[in-house]
Amino acid sequence: MNHTAAPQQTAPRNPVPDLLRGTFPVFAEYRPLALGIHKAIKQRLPEINAQQLRSALHIHTASTRYLKMLSQENVRYDLDGAPAGEVTAEQRQQASETLRDRFKKKAEQQRQERAARQQEDQRQEKLRKLADKFSKPR
């Protein structure tokens with residue numbers, strides 16, 4: 001009797017982010033996007049599934065690279081790379097705060113992981129010393 005586990009099924013990868021980066025340089029360059037850009041994308045690429053587009057836009061605009069650009073730029077861009085609005089001071093500040101929080105959280109997580117590794121190393125060292133102590137011939 002074979003007791004191998006069934007392979008885990010994962011959701012298919014959303015191909016839209018790659019399509020957007022390959023089709024529109026503003027996505028590849030992570031430039032701040034014009035507000036309502038989803039409408040322009042749907043006009044040019046009507047075959048894109050609306051849910052996948054929403055997901056792709058969320059992934060893109062929440063990425064660290066995009067937030068870094070948003071925090072530094074004053075201009076938003078359309079699909080052709082032409083200026084299409086401005087990034088407000090409030091939007092730049094929000095992007096900066098999001099990045100700061102993200103980096104702070106990552107640094108804290110790394111500190112905790114380092115502390116856990118050090119604790120485990122100390123535990124292993126104590127066990128090794130105990131094993132050495134009791135395995136020595138008398």
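The values are calculated or read from the model by the stated rules, or taken from the named source; none is laboratory data. Computed from a prediction, not measured in an experiment: that's the story for all the values here. A quick note on method: Cβ atoms are made from the backbone with ideal geometry, for glycine too, and the neighbour counts reach across all protein chains shown.
Numerical summary
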| item | result |
| --- | --- |
| Residues within region 10-26 that are assigned to a helix (DSSP H, G or I) and either over 15 Å from the mean Cα position of the chain (by Cα) or among the basic types (Lys, Arg) (or both), tallied | 8 |
| Number of the condition not met by Asn14 [criteria: (1) at pLDDT 90 or above; (2) surrounded by 12 or more Cβ atoms within 10 Å (Cβ to Cβ); (3) not β-branched (Val, Ile, Thr)] | (1) |
| One residue from Gly81, Gly85 being in contact with a helix residue (DSSP H, G or I) (Cβ under 6 Å, 6 or more places away or on another chain) and among the small types (Gly, Ala, Ser) | Gly81 |
| Test: Ala40 is modelled with pLDDT of 95 or more, surrounded by 13 or more Cβ atoms within 10 Å (Cβ to Cβ) and in contact with an Asp or Glu (Cβ under 7 Å, 6 or more places away or on another chain) | yes |
| Residue satisfying condition, being surrounded by 11 or more Cβ atoms within 10 Å (Cβ to Cβ), modelled with pLDDT of 95 or more and in contact with a strand residue (DSSP E or B) (Cβ under 8 Å, 6 or more places away or on another chain), within set Leu33, Leu99, Leu67, Leu79 | Leu33 |
| Answer from Leu19, Leu57 - the residue that is crowded, with 16+ Cβ neighbours inside 10 Å, among the aliphatic types (A, V, I, L, M) and at pLDDT 95 or above | Leu57 |
